[in-house]
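Q: Quick one: the structure is below, and I'll ask about it shortly.
Bear in mind that the values in this text are calculations on the coordinates, not laboratory data. What you are looking at is a predicted structure, and each value in this text was computed from that prediction instead of being measured. Glycine also receives a Cβ, built like all others from the backbone with ideal geometry; neighbour counts cover every protein chain displayed.
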């Protein structure tokens, strides 16, 4: 019997929408990228990798669709992490500073662990701890994008030599939406408005408040056990996956817009062969694949609006 690292990825998404699966397959095939090889190295090797119970059935394809789209975002982050390793090893000087490369490498390494945790918890139906980590994922996405925008921020980040330094850096540059505001300013300069009164920012704040509420135990959120809400990829776990997936998709899309130095450095890397070449090409050219998936997810959310608040209280 083949183990998880040698099966085709389709077998891990029983019940996924055939239209979504075909769309993803076609997008990868059109760009001559080996989706199965990337999946085996990015997803099947995640710490705590787990499969959905094949005997479990869902009312519709949404839970499995979300898991597949989340995993696609994980694949892109992992591809970026590997290409950053190649950038760090280069002998010539690129457009990104060494501090930016090292900082991004640190953040993407942490993201991989956080994504692995959220995935395992969502499959186990443990929504509360998944919510806590989803908030951390969102902050790390903001930090990664901010490191692309401001070199001095990257320099301050890599100079943190103790937990105290790290805590002070976080309070000064990330907490309270500081990193997001820096990114929003950069996006505004290219025509994307994420001002404080925009619908997106209001939605984002609301979601982050509810995700943050999972950190501290509150009697306001206590309720009798609901067996219908338990099990793998339950309703609250789905919303965690939804928000984390949106953030990964934004990280990919926005890095294409405000990360010109990153794009230039990736373009200058030698393509090589095999899996490394596929990773580089996906990190460099796979943004269109992820953006197409963002459109799919947005359309699906419009058809079945996300109601995270109802699952928390």
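Q: Is the C-alpha gyration tensor of the stretch 1-80 telling us rounded, prolate or oblate? Criteria: a/c under 1.5 is rounded; beyond that, a/b larger than b/c is prolate, otherwise oblate.
A: Oblate is the answer for the stretch 1-80, as a/c is 1.5 or above yet b/c matches or exceeds a/b.
Q: State the Cα centre-to-centre distance between the stretch 54-88 and the stretch 231-287 in whole Å.
A: First find each Cα centre; the distance between them is then 10 Å.
Q: What is the chain by shape, rounded, prolate or oblate, if you read a ≥ b ≥ c off the alpha carbon gyration tensor as root eigenvalues and call it rounded for a/c under 1.5, prolate for a/b larger than b/c, and oblate otherwise?
A: Oblate is the answer for the chain, as a/c is 1.5 or above yet b/c matches or exceeds a/b.
Q: Follow-up. Using Cβ counts within 10 Å as a stand-in for footprinting exposure, how do 134, 42, 162, 198 rank, fewest first?
A: 162, 198, 42, 134
Q: Based on the mean of other beta carbon atoms within 10 Å per residue, what is the order of 267-274, 167-174, most packed first?
A: Ranking, from highest mean packing down: 167-174, 267-274.
Q: Let me ask something additional. For a quick check: sort 188, 13, 194, 254 by the number of other beta carbons within 10 angstrom, fewest at the front.
A: Fewest-to-most ranking of 188, 13, 194, 254: 188, 194, 13, 254.
Q: Tell me what the chain gives for mean residue ellipticity at 222 nm when only DSSP H runs of n ≥ 4 count, each as -39,500 (n - 2.57), the sum divided by the residue total, rounded to 500 deg cm²/dmol.
A: -22000 deg cm²/dmol
Q: While we're looking at this one, here's another question. Using the basic label-point model (7 angstrom from Cα toward the beta carbon), what is the residue 11 to residue 58 distance in nanometres?
A: Simple spin-label model gives 2.1 nm for this pair.
Q: If we count other beta carbons within 10 Å of each Cβ, what is the order of 160, 240, 264, fewest first?
A: So the ranking, lowest neighbour count to highest, is 264, 160, 240.
Q: Once Rh is set to the Kirkwood radius over Cα pairs, what Stokes-Einstein translational diffusion coefficient, in µm²/s, holds for the stretch 43-138 at a temperature of 37 °C and a viscosity of 0.692 mPa s?
A: 219 µm²/s
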